[in-house]
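A quick write-up on the structure given underneath.
Nothing in this text is a laboratory measurement; each read-out follows from the coordinates by a stated rule. Computed from a prediction, not measured in an experiment: that's the story for all the values here. We place every Cβ from the backbone using ideal geometry, glycine too, and count neighbours over all the protein chains shown.
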Amino acid sequence: MKTQKRKNCPEEYNISFIRKDLNLFVNLSGHFSLQNLMVFRSEINREIYKQKLESVTIDFSGVCYLDSAAALALVQIEKGAAHQNIQCRLINLNDKSKGIFSVIREDALIDLPSQLEKLQDGFMYNLIERRKLPASTEKTQDNFIFRLVERRGLPNQSGKYYKDFIWQIWQTSVQIAKDFAKFVTFIGELMVAFLYIIRHPKSLRGKDVLFYIRRAGVDGLPIVAMIGLLMGLIIAFMSFLQFKMVGANIYVPSLVSFAMIKELGPIMTAILVAGRSCSAFAAEIGTMMVNEEVDALHTMGFEPIRFLAVPKVIATVIVVPILTVYADLFGIVGGLIIGVTSLDLTLKTYVTQSMKTIQIFDIVTSIIKAAVFAGLISAIGCQRGFQVRSGAQDVGKFTTSAVVMAIFMIVVADSIFAIMFYYIK
Amino acid sequence: MDTQEKTPIIVVKDLAARFGNNIVFEGLNFQVYEGEVLVIVGASGCGKSTLLKIMIGLQKPYSGQVLYQGMDIVSAEEKELNQYRQNIGVLFQSSALFGSMTIRENIELPLQEYTDIDQATIDSIIRMKLGMVNLAGYENHQPSELSGGMKKRAGIARAIAMDPRVLFFDELSAGLDPVTAAELDDLIIKTEEALGTTMVIVTHELESIYKIAHRVLMLDKEAKGIIAEGKPLELKEQATDPRVRSFFLRQKPDTSDEQRFYVS
């Protein structure tokens, strides 16, 4: 069908213009469609506005193909001419073309000025500039050319942008405050759910807890180990470069174990879990919101927070401290690899030196930190998931925001811990 | 069905719903009688789904009451509301089966939570409910493995798991082919006959309405309330309101707006 159409009507067009006094005859022939719309429209417009005219007659007798976009462009040409007090007529339309013209609604033409603005060479604007605005335009501000010129001038715009900027800062601040309030409310609801579970232990879905322990914990072991090991290697290597200048190689194991256990272990693990599990929780609950599954839970009498969030939070709080200890160990192993291979330290010296540095208090605080981070990460993931209202875009938006907020909260909590542990010790 | 002889199971009194300042509906008064199939119809945006959400306790109305056997579910405490929820079953537009669970787990969830029935009996109940909706043997399938019509049927099996007194259906046959939609209608009739469950159904399908509805309520966006109430065939034949007529006769109402085409 398509080839036949092409054979009968090649994708070419021809426009011839005949001027008679103040009248212009435009003869269209060939193929007029989306593909050549920009070219033929500006060609015809250029001819119409070249000199003063009284009427334009567009003859369709040679048109073999016309699509709805091309028809719309021709109607716009006609309307544009009418605004310039040029009478415009479309003649010799065949039935098919008439049918196409009949689908063009008046409201499709409302945005005429912006269409004209986009014309390739901006000839309309130049024309108006040259003519210093035609008398008819001055009469009414409604006139589209007047609006076109108005839009091109930019006075008073900077003041508007300044206001917009302040307004946006205000709106964003309000949004952040609202988000925080929602999070605090959610933590409250989560606590209520926990209290209920403490009183009714049977209502905890143990199977779900085990499932998320596997998801967040077991499945995360390889990446946590890998990152821990590499962190250990990097710290050992970088500190070795500095320490060797003062001959203090023996302190490399101390630095590695101290840094891993005190800060890097818990933070790195928490960030990894935020990337892996917090996002997964948000996306999972978000999709359930979209699919009305959370509504279904409600109507079946299940409290969604208790049913969906609590197992995730419990599982995360159990596995993240374990993952942290695991990351700490791998970090120390990473340091050990550098220590033994590049620092001329024996395995025994390295281990003894590490053990000297590590105190039980540090390990305990590391685990406490990890547990608190885990609680924050999983709660944020679930809370953001419950905020999803409609559609895939919302799921993406809240998943991203869950991860960003989780990482931010990890850093905030870590700062608070740093100060707190300093005074406790 | 002669509604005069029946006792109302749900009474909606002066119900109003708003979105911000927009009134969805107001002054809504109607009753759902025990054992009847009530179909709520109306054009998109007239508040059918909002009404359903209020009736199942998912959304709070702006004002008014929804009384289930005398208990107002709008002002009810969570505990009472949970009691009410155990007496109703809901089939959502998207079926809302839990995607991470098998069909069996979906159906056994409320049974395990609210009853102390042993697992063997629960298994038999699941098989019976799946048999009722012609899905025998699909216990261990995931919802993602089922077609749209099968998902709806599995959703019905879950909704009737606890033998509820009232069943709510949101957009019963939306997005289904005519044959599957007709099968679903038959299933509704069969379930209603077998269990005598009261049903409140939101749907657009005229054929379904004629087939399953005992009574129809028609909401209207402009009127912000009920514009017609009655038996479907009576409404089709006797309604004088042009909005009701055009809905039941599947005609577009005459408006001059339609003639705004550009004609060269």
DSSP-loop trypsin sites (Lys or Arg not before Pro) across the range B:148-194, with at most 11 other Cβ within 10 angstrom
none
Taking chain A as a Gaussian network, where each spring joins two C-alpha atoms under 10 Å apart, which residue of A:348, A:202, A:50 fluctuates the most?
A:50
Candidates B:20, B:230, B:57, ranked by Gaussian network fluctuation over chain B, Cα under 10 Å, top entry:
B:20
Across A:231-241, the residue-averaged tally of Cβ atoms belonging to other chains within 10 Å stands at 0
Can you tell me the orientation of helix A:310-342 relative to chain A, as the angle in degrees between its alpha-carbon axis and the longest Cα principal axis, to the nearest 10?
70 degrees
What order, most packed first, do the peptides A:165-176, A:189-200, B:216-227, A:405-416 have when packing is the mean number of other Cβ atoms within 10 Å of each residue?
B:216-227, A:405-416, A:189-200, A:165-176
Placing +1 at every Lys and Arg Cβ and -1 at every Asp and Glu Cβ, with all other atoms neutral, what dipole size does chain A have around its Cα centre, in debye to the nearest 20?
120 debye
Report the rotationally averaged projected area of the range A:171-222 based on its alpha-carbon convex hull, in square nanometres.
5.5 nm²
Can you give me the angle between helix B:103-114 and the longest principal axis of chain B, using Cα atoms only, in degrees from 0 to 90, rounded to the nearest 10?
80 degrees
Taking the protein assembly as shown, how much of its Cα-Cα pair set, in percent, is spaced more than 43 angstrom apart?
53 percent
Which value does Rg/Rh take for the range A:160-201 over its C-alpha atoms, Rh per Kirkwood?
1.44
Any idea what angle helix B:119-132 forms with the longest principal axis of chain B, computed on alpha-carbon atoms, 0 to 90 degrees, nearest 10?
40 degrees
Along Cα→Cβ, 7 Å out, is where each label goes; now give me the distance between the ones at residue A:39 and residue A:171 in nm to one decimal.
4.3 nm
With charges only on Cβ, +1 for K and R and -1 for D and E, what is the dipole size of chain B about its Cα centre, in debye, rounded to 20?
540 debye
Using bins 10 angstrom wide from zero, how does P(r) for the range A:201-424 break down, in % of all Cα pairs?
9, 29, 29, 18, 10, 4, 1
Taking amide H positions as placed in the peptide plane 1.01 Å from N, state which residues far from residue B:62 in sequence (5 or more) or on other chains have amide H under 5 Å from it.
B:16, B:17, B:18
In a GNM of chain A with a 10 Å cut-off on Cα contacts, which of A:217, A:385, A:30 has the highest mean-square fluctuation?
A:30
Towards the positive end of the charge dipole of the protein assembly as shown, with charges on Cβ (+1 Lys, Arg; -1 Asp, Glu), say which of B:178, A:218, B:84 has the farthest Cα.
A:218
Within the range B:60-81, list the residues whose amide N lies under 17 Å from a label point set 7 Å along Cα→Cβ of residue B:18.
B:60-65
Residue B:177 versus residue A:221, label points 7 Å from Cα toward the beta carbon: distance in nm?
4.8 nm
With each run of n ≥ 4 DSSP H residues scored as -39500 (n - 2.57), what mean residue ellipticity at 222 nm is computed for chain A after dividing by its residue count and rounding to the nearest 500 deg cm²/dmol?
-22000 deg cm²/dmol
Modelled label-to-label distance, residue B:249 and residue B:211, 7 Å Cα→beta-carbon offset: nm?
2.5 nm
Can you return the lysines within cross-link range of residue A:20? Criterion is Cα-Cα under 16 Å, with same-chain partners fewer than 8 residues away left out.
A:50, A:52
Compute the FRET efficiency between residue B:65 and residue B:115 as 1/(1 + (r/R0)^6), taking r as their Cβ-Cβ distance and R0 = 22 Å, and round to the nearest 0.05.
0.15
